[in-house]
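Before any comments, here is the structure.
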Amino acid sequence: MGDTIQILIAMVIYMAAVIVIGIAFARKANASSDAYFLGGRSLGPWVTAMSAEASDMSGWLLMGLPGVAYWCGIADAAWTAIGLAVGTYINWLIVSKRLRRYSVKAGNAITLPEYFSNRFHEKRKVIMTIAAVFILIFFTVYAASCLVTCGKLFSTLFDMPYIPMMIVGAVFVLVYTLIGGFLAESASDFMQAVVMIVALVVTVIVGTIAAGGLGEVLDNARSIPGFLEFFGIATPEMADGVQQIVNGEPQFGAAGQYSLLSAVSNLAWGLGYFGVPQVLLRFMAIRSENELTRSRRIATVWVVISLTIAVFIGVMGRALYPAALTTSSDAENVFILLATNLFPPLLAGFVMAGILAATISSSDSYLLIAASAFAKNIYQGLFRKKASDKEVLNISRITLLLIAIVAMIIALDENSVIFTIVSFAWAGFGATFGPLMLFSLFWKRTTRAGAVAGMVSGAAMVFIWNLLVRPLGGLWDIYELLPAFLVSCIFIVVVSLLTPEPSKEIQREFTEVQAGK
């Protein structure tokens, strides 16, 4: 049997298992919009933790992060991973329980825009509308990154054109999300989190042995100027966008400088956790806030192990196949390269199902949350307040289709770098919702006007910094999440202090949540 056929069989088996899960939960998921969008707040601690992290990491974990490490060394990848690990822990520690409690107190909110709107007792639903619009924008970009992952994976494996393969991946994800809703998504994400970490562990063990041991991998990394430094960075010698190869050896220039400011900039990835809906919704969906402590431990361990191995896979890939990937976009295929060369075809198919797992677990979350933001918060919240559950579900499915089409258009460029797409969307969520989430949970004086100002200023600064300021380079080359997050915080505080304090009823609710009632 041909190698490609065996890989295909393994991946089909995996995809079939995912579809079975969707079908199994379809009836319960379609019982109501509450069940479809939040699972009726019935998740256990293991599913909550594992599905949150699997939906968060996406194919970026198995392609984007190893690709960065393969291309220019550990500095960018490691500082980003450290920021994400710390952010994960703090988010579960300080946000999860209070958000679970407050989302119930705030009119039993089942979406993030609904929580923010109910938290400030809105009548005109301005916060809800703005939040829903930004969720649609940034999750469409996020979904595009997942489709790029699918396209790169399938086109590399089956030697087929990128665009048809990307569309095939998009259709599968769309059909699956339409079938099962939040419960199916969370259950399959639990399975996919297991698949992802097993794929990472198996690949790093087999790859290290194939490279001649840990010592050989590290010796190779040290031989490349700046590659294994936390405050240095490797600089591939390029010609026409391609790294130069001489006598089979990739060429590098002198090590580049990696400043403390650059490290802080990448550590700022951790701030994004306070605003990413796919994680925050899991806090809201767990069946009891008392189980969140266990979830926090599970999630933190999973994240630390996965991120560490993902970075090391990039380093190991450079030792095993130093000249195989000669552009920053191609470098994101290092995990695929390792799997197809280190494992028998059938096993390689199951290992690479880890990439598919990561992609599906994220894209279904992104599509579902974006669809719920429109159907529940804009369509029902603004235009059809008396819309039935069935009508809301139908509108959400139409929205899913439209978002998927736009995401496919964004993903048409096969030279897109997954890491870059994800970093922009991550900054968007972190700066738009992160500061407001923290202030809504921990500062009683936050006003509705402050909330609006914080969201709009944070989102605007992400675009301004990314498109206008960061290209200036030098001291301005800071990841847009950090300045945008700070600007949003400033606007929330200043505008809240300049406007009348919240009503006594809002303050009473805040005090009750704070007291654990």
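The values are calculated or read from the model by the stated rules, or taken from the named source; none is laboratory data. This structure is a prediction, so every number in the text was calculated from the model and none was measured. Ideal geometry is used to build each Cβ from the backbone, glycine not excepted, and the neighbour counts take in all protein chains shown. Only protein heavy atoms, including side chains, enter the accessible area calculation; ligands, DNA and RNA are left aside. Shrake-Rupley method; radii C 1.70, N 1.55, O 1.52, S 1.80 Å.
Got a sec to turn the phi values of the stretch 449-456 into Karplus ³J(HN,Hα) couplings, 6.51 cos²θ - 1.76 cosθ + 1.60 with θ = phi - 60°, whole Hz, x for Gly and Pro?
Each residue of the stretch 449-456 in turn: 5, x, 5, 4, 4, x, 5, 5 Hz.
For the stretch 47-123, run through the trypsin sites (Lys or Arg not before Pro) and keep only the ones in DSSP coil with at most 12 other Cβ atoms within 10 Å of their Cβ. Kindly include the intermediate steps, with their values, before the conclusion.
On the way: sites: 97, 98, 100, 101, 105, 119, 123; in loops: 123.
Sites meeting the loop and neighbour criteria: 123.
Skipping prolines and chain starts, which residues have an amide H placed within reach, meaning under 5 Å, of the one on residue 258, given they are 5 or more residues away or on another chain?
So residue 258 has HN proximity to 232, 233.
On C-alpha positions alone, give me the angle between the axis of helix 504-514 and the longest principal axis of the chain, in degrees, nearest 10.
Value to nearest ten degrees: 50.
Taking 0.36 nm per intervening residue step and subtracting the Cα-Cα distance, what contour gain separates residue 321 from residue 231 on full extension?
Details: separation 90, 0.36 × 90 = 32.40 nm, distance 2.47 nm.
Full extension from residue 321 to residue 231 adds 29.9 nm.
May I ask you to compute the full-extension gain from residue 499 to residue 90, defined as 0.36 nm times their residue separation minus their alpha-carbon distance, rounded to one decimal in nm? Walk me through the intermediate numbers first.
Numbers: separation 409, 0.36 × 409 = 147.24 nm, distance 3.05 nm.
144.2 nm is the gain from fully extending residue 499 to residue 90.
What is the extension gain from residue 104 to residue 397, computed as 0.36 nm multiplied by their sequence separation minus the C-alpha to C-alpha distance, in nm to one decimal?
Fully extending the segment from residue 104 to residue 397 adds 102.9 nm.
Under a crude label model (7 Å from the Cα following the beta-carbon direction), how far is residue 245 from residue 4 in nanometres?
My value for the distance between the label points is 2.1 nm.
Quick one: what are the phi-derived ³J(HN,Hα) couplings along the stretch 277-289, Karplus 6.51/-1.76/1.60 with θ = phi - 60°, whole Hz, x for glycine and proline?
Once rounded to whole Hz, the list reads x, 4, 8, 4, 5, 5, 4, 6, 8, 5, 6, 8, 5.
Taking amide H positions as placed 1.01 Å from N in the peptide plane, with prolines and chain starts having none, which residues 5 or more places from residue 328, or on another chain, fall under 5 Å of its amide H?
Counting only residues 5 or more places away or on other chains, the set is empty.
Quick one: Cα centre-to-centre distance for the stretch 200-260 and the stretch 276-307, in angstrom?
When both Cα centres are located, 34 Å separates them.
With 32 Å as the limit, write out which pairs from 152/390; 123/390; 386/504; 97/152; 125/444 have Cα-Cα distances beyond it, or answer none.
Numbers: 152/390 37 Å; 123/390 25 Å; 386/504 29 Å; 97/152 39 Å; 125/444 20 Å.
Beyond 32 Å: 152/390; 97/152.
Between residue 515 and residue 214, what is the label-point separation in nm under the 7 Å Cα-to-beta-carbon projection?
Distance between label points: 5.3 nm.
Could you compute how fast the stretch 56-104 diffuses translationally, taking Rh as the Kirkwood radius over C-alpha pairs and applying Stokes-Einstein at 37 °C with viscosity 0.692 mPa s? Give it in µm² per second.
Working: Rh = 12.5 Å.
Answer from the Stokes-Einstein relation: 263 µm²/s.
With a point put 7 Å past each Cα toward its Cβ, work out how far residue 175 is from residue 288 in nm, to one decimal.
Once both label points are built, they end up 4.0 nm from each other.
Counting only protein heavy atoms and a 1.4 Å probe, tell me what percentage of the chain's accessible area is made up of carbon and sulfur.
On the way: 12550 of 18870 Å².
After summing per-atom areas, the C and S share lands at 67 percent.
Less than 10 Å Cβ to Cβ from residue 45, Lys/Arg counted +1 and Asp/Glu -1: what total charge do the surrounding residues give?
Numbers: positive: 287, 294, 296, 297; negative: 291.
Summing Lys/Arg as +1 and Asp/Glu as -1 gives +3.
Rounded to the nearest whole Å², what accessible area per residue is found for the chain with the 1.4 Å probe? List each step's numbers first, then the result.
Working: 18870 Å² over 517 residues.
Value returned for the chain: 36 Å² of accessible area per residue.
Can you give the Kirkwood hydrodynamic radius for the stretch 94-182, in Å, rounded to one decimal and based on Cα pairs? Can you show the working numbers first?
Working: mean 1/r = 0.0638 Å⁻¹.
Result for the stretch 94-182, one decimal place: 15.7 Å.
Once the Cα atoms of helix 418-442 and of the chain are each reduced to a long axis, what angle between those two axes, in degrees from 0 to 90 to the nearest 10, is obtained?
Once rounded, the angle reads 30 degrees.
Enumerate the calculated ³J(HN,Hα) couplings along the stretch 316-324 in order (Karplus 6.51 cos²θ - 1.76 cosθ + 1.60, θ = phi - 60°), each rounded to whole Hz, writing x wherever the residue is Gly or Pro.
Karplus-based 3J(HN,Hα) across the stretch 316-324 equals 5, x, 5, 6, 7, 10, x, 10, 7 Hz.
List the residues of the stretch 138-156 whose backbone N lies under 20 Å from a point placed 7 Å from the Cα of residue 163 along the Cα-to-Cβ direction.
Output list for this probe position: 144-156.
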